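A.B. asks: I'd like to ask some things about the structure below.
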Amino acid sequence: MSDLKRTELYDFHLSHGAKMVPFAGYEMPVQYAAGVMKEHLHTRSAAGLFDVSHMGQVILRAKSGSVEDAALALETLVPVSILALAEGRQRYALFTNADGGILDDLMVANRGDHLFLVVNAACKDADIAHLKAHLSDTCTIEPITDRALVALQGPMAEAALATLVPGVSDMKFMDVATLSWDGVELWISRSGYTGEDGFEISLPSSDVARFADALVALETVEPIGLGARDALRLEAGLCLYGSDLDTTTTPVEGALEWAIQKARRRGGAREGGFPGADRILAELENGASRRRVGLLPEGRAPMRAGTEIFAGDQKVGEVTSGAFGPTLQAPVSMGYVDSAYSATGTPLEGEVRGKRLPVKVADMPFRPSNYKR
Amino acid sequence: MKYTEDHEWLRVDGDVVVVGITEHASTQLGDVVFVELPETETQVATGDEICVIESVKAASDIVAPVDGEIVAVNDALADNPGLVNEDPTGEAWFFKMKVEDMSQLDGLMDEDAYNDMID
């Protein structure tokens with residue numbers, strides 16, 4: 001694994017018995033000594049610490065100095081209302097291409113005089129190049145390479161983090177704040193990717209090992225690997241870019257209309273003006289030919305990515321993420337089906353090892369999320 | 001007990017051979033969440049993929065370790081796949097085979113040889 005990069009928490013991972021695997025160009029922990037199932041359930045019942053330092057952190061600043069100008073510039077690349085994002089707030093966004101496909105999904109925070117973006121590890125170089133190619137006239141694009149990123153997730157995340165950083169208790173879901181711990185500046189958002197309440201914390205790489213040690217020293221906090229993270233986000237109905245979203249899926253096909261505010265839709269104050277607007281705006285009004293849905297296999301056999309979905313003899317879709325859901329104690333999947341078969345409860349079949357097995361279209365999340373609104 | 005390179009164990013019990021997977025294999029797989037067993041009264045040949053075992057990580061096949069006939073399967077695994085992690089060499093046997101030519105077992109590893117292989 002010599003070509004792979006390591007995060008600042010590499011030694012921390014090994015000291016907790018991590019099994020390291022290649023992921024998006026990094027050596028990352030797929031699990032620790034406890035194993036995927038225990039880690040998953042621990043996150044649902046207490047608090048889990050995730051190293052997400054491989055993700056890209058970028059500061060976008062308008063040359064004019066005005067965060068509104070940065071917001072308007074970013075709106076030319078995403079179908080999301082960034083201008084309406086208040087200071088101290090974060091929202092989900094998508095970079096689209098000219099065909100209406102998705103280049104990456106990301107989080108955008110308004111941090112007063114600039115926007116702070118968190119993008120996927122596998123896409124970060126392309127995203128930064130994309131930002132520079134389109135926004136350099138009016139903005140500076142600053143990749144942040146000297147800060148690590150960790151997530152603390154679960155019903156006990158607030159109580160755990162508050163022992164180190166009392167101010168986090170005042171934050172609500174999708175709030176962002178700058179707080180400090182032991183003289184270290186933390187950029188915190190109350191968000192995550194597990195369907196649980198929790199926080200994502202950006203901090204100087206030089207301090208992250210000390211911070212992670214302080215968190216796992218708490219009785220309620222355990223380190224959690226990528227294996228558990230994948231089933232956690234799947235149970236929460238959240239997309240994994242590269243699996244459930246890519247350049248061939250549009251926001252409407254991906255059932256992500258909720259991320260496109262009125263202001264950017266037809267008749268809105270800042271209608272269109274992002275790549276692929278013609279197709280995306282039309283699909284918002286008329287629907288798309290296929291749709292991302294939840295899929296609940298009726299038996300115990302997991303239907304993993306690539307499983308073909310049938311209605312009678314006709315292939316109507318394919319699973320894009322599938323696993324056993326430890327919280328549900330049952331297999332869960334998501335995938336794309338022809339829109340005619342996308343209604344909740346539609347009975348379909350998935351082909352697993354040559355056998356057609358029953359599966360039903362289901363609402364997502366598969367279990368209620370526990371965000372602190 | 002005898003062992004295969006595919007991390008299966010075989011135990012002779014009267015005129016049948018009981019087959020399961022080793023502790024090492026169950027640890028490597030991680031938490032087992034699904035087991036698909038073969039049909040009884042099926043003739044199988046060495047290397048045939050006859051069971052599927054899925055863990056939280058991935059699906060793997062279990063192959064017939066020798067030629068013979070499946071005479072019993074452990075239905076308890078279908079309802080409680082986690083047994084494979086709890087007691088891989090005991091309660092979590094997968095199937096029993098009737099084997100005509102018991103000399104097939106002579107070519108398999110004993111415990112020491114298996115432990116050397118996984119070291």
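The values are calculated or read from the model by the stated rules, or taken from the named source; none is laboratory data. Predicted model only: the values in this text are computed from it and were never measured. Here the Cβ positions follow ideal geometry from the backbone for every residue, glycine too, while neighbour counts run over all protein chains shown.
A.B. asks: For region A:171-184, does any single residue satisfy the condition of being in contact with a Leu (Cβ under 7 Å, 6 or more places away or on another chain), among the aromatic types (Phe, Trp, Tyr) and under 20 Å from A:ILE59 (Cβ atoms)?
C.D. replies: No, there is no match, as no residue in region A:171-184 is in contact with a Leu (Cβ under 7 Å, 6 or more places away or on another chain), among the aromatic types (Phe, Trp, Tyr) and under 20 Å from A:ILE59 (Cβ atoms).
A.B. asks: Of (1) in a loop (DSSP other than H, G, I, E, B); (2) within 21 Å of the chain's Cα centre (by Cα), A:ASP104 satisfies all except one. Which?
C.D. replies: Of the numbered conditions (1) in a loop (DSSP other than H, G, I, E, B); (2) within 21 Å of the chain's Cα centre (by Cα), the odd one out for A:ASP104 is (1).
A.B. asks: Checking A:LEU179 against (1) surrounded by fewer than 18 Cβ atoms within 10 Å (Cβ to Cβ); (2) within 28 Å of A:ASP105 (Cβ to Cβ); (3) free of Cβ contacts under 8 Å to residues at least 24 places away in the same chain, which test does it fail?
C.D. replies: Status for A:LEU179: all satisfied but (1).
A.B. asks: Cβ-Cβ under 9 Å, sequence separation 6+ or interchain: first residue in region A:327-340 and without any contact (Cβ under 8 Å) to a residue 24 or more places away in the chain and on the phi > 0 side of the Ramachandran plot, partner assigned to a strand (DSSP E or B) and of a type outside the set (Lys, Arg). Which pairs?
C.D. replies: A:GLN329/B:VAL33
A.B. asks: Under 23 Å from the mean Cα position of the chain (by Cα) and either in a helix (DSSP H, G or I) or outside the structural domain of A:THR43 (by TED's automatic domain parsing) (or both): which single residue out of A:VAL118, A:VAL150 fits that description?
C.D. replies: The unique qualifying residue is A:VAL118.
A.B. asks: Turning to a different aspect of this structure: For the list (1) within 14 Å of another protein chain (Cβ to nearest Cβ); (2) under 25 Å from A:ALA330 (Cα atoms), I need the number of the one condition that A:SER45 fails.
C.D. replies: Single failed check for A:SER45: (1).
A.B. asks: Quick check on my filter: what residues within region A:310-326 are touching a residue at least 60 places away in the same chain (Cβ under 8 Å) and more than 14 Å from every other protein chain (Cβ to nearest Cβ)?
C.D. replies: A:THR320, the sole residue that qualifies.
A.B. asks: Checking the conditions here, which among A:PRO29, A:PRO79 is over 21 Å from A:ALA160 (Cβ atoms), surrounded by 16 or more Cβ atoms within 10 Å (Cβ to Cβ) and at pLDDT 95 or above?
C.D. replies: A:PRO79
Residues are listed down the side, and each one gets a yes or a no for (1) within 28 Å of A:VAL21 (Cα to Cα); (2) at pLDDT below 95:
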| site | (1), (2) |
| --- | --- |
| B:ILE21 | yes, no |
| B:GLN28 | yes, yes |
| B:SER55 | yes, yes |
| B:ALA64 | no, no |
| B:ASP67 | no, no |
| B:VAL73 | no, no |
| B:GLU100 | no, yes |
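A.B. asks: Which of the residues spanning region B:51-105 are assigned to a helix (DSSP H, G or I) and away from chain A (no Cβ under 14 Å)?
C.D. replies: B:MET102, B:SER103, B:GLN104, B:LEU105
A.B. asks: How many residues does region B:12-24 contain that are in contact (Cβ under 8 Å) with a residue 40 or more places away in the chain and surrounded by fewer than 20 Cβ atoms within 10 Å (Cβ to Cβ)?
C.D. replies: The qualifying residues number 7.
A.B. asks: Would you point out the residue of region A:121-138, among those that are part of a helix (DSSP H, G or I) and among the acidic types (Asp, Glu), that is surrounded by the fewest Cβ atoms within 10 Å (Cβ to Cβ)?
C.D. replies: The residue in question is A:ASP125.
A.B. asks: Same structure again: Restricting to region A:264-304, name every residue that is more than 14 Å from chain B (Cβ to nearest Cβ) and of a type in the set (A, V, I, L, M, F, W, C). Step through it out loud before you land on a result.
C.D. replies: At the first step, the residues of region A:264-304 found to be more than 14 Å from chain B (Cβ to nearest Cβ) are A:264-296.
Within region A:264-304, A:ALA269, A:PHE274, A:ALA277, A:ILE280, A:LEU281, A:ALA282, A:LEU284, A:ALA288, A:VAL293, A:LEU295, A:LEU296 meet the criteria.
A.B. asks: What are the residues in region B:65-82 that are free of Cβ contacts under 8 Å to residues at least 40 places away in the same chain and either of a type in the set (A, V, I, L, M) or surrounded by fewer than 18 Cβ atoms within 10 Å (Cβ to Cβ) (or both), if any? First the steps, then the outcome.
C.D. replies: Just the residues of region B:65-82 that are free of Cβ contacts under 8 Å to residues at least 40 places away in the same chain, to begin with: B:67, B:69-70, B:73-76, B:79-80.
Scanning region B:65-82 gives B:ASP67, B:GLU69, B:ILE70, B:VAL73, B:ASP75, B:ALA76, B:ASP79, B:ASN80.
A.B. asks: Find the residue count for region B:28-50, including only residues that are within 9 Å of chain A (Cβ to nearest Cβ) and either of a type in the set (Val, Ile, Thr) or assigned to a loop (DSSP other than H, G, I, E, B) (or both).
C.D. replies: 4
A.B. asks: Moving on. Give A:MET20, A:MET37 a once-over and let me know the one that is touching a strand residue (DSSP E or B) at 6+ places or on another chain (Cβ under 7 Å) and either buried (at least 16 other Cβ atoms within 10 Å of the Cβ) or at pLDDT 95 or above (or both).
C.D. replies: On inspection, the qualifying residue turns out to be A:MET20.
A.B. asks: Mind checking which residues of region A:20-42 are of a type in the set (Asp, Glu) and away from chain B (no Cβ under 14 Å)?
C.D. replies: A:GLU27
A.B. asks: Please determine, by comparing only the residues of region A:219-255 that are within 14 Å of another protein chain (Cβ to nearest Cβ) and assigned to a loop (DSSP other than H, G, I, E, B), which one is surrounded by the most Cβ atoms within 10 Å (Cβ to Cβ).
C.D. replies: A:ILE224
A.B. asks: Looking at (1) farther than 23 Å from A:LYS38 by Cα; (2) more than 25 Å from the chain's Cα centre (by Cα); (3) within 14 Å of chain B (Cβ to nearest Cβ), which is the only condition A:THR307 fails?
C.D. replies: Of everything listed in (1) farther than 23 Å from A:LYS38 by Cα; (2) more than 25 Å from the chain's Cα centre (by Cα); (3) within 14 Å of chain B (Cβ to nearest Cβ), A:THR307 misses just condition (2).
A.B. asks: Also: Starting from region A:352-371, take each residue that is closer than 20 Å to A:THR307 by Cβ and away from every other protein chain (no Cβ under 14 Å) and list its partners that are part of a loop (DSSP other than H, G, I, E, B) and aliphatic (A, V, I, L, M), counting only C-beta distances under 9 angstrom and pairs at least six apart or across chains.
C.D. replies: Taking only residues 6 or more apart or on different chains, the pairs are A:VAL359/A:MET303; A:VAL361/A:ALA343; A:MET364/A:ALA236; A:MET364/A:LEU238; A:MET364/A:ALA255; A:PHE366/A:ALA236; A:PHE366/A:LEU328.
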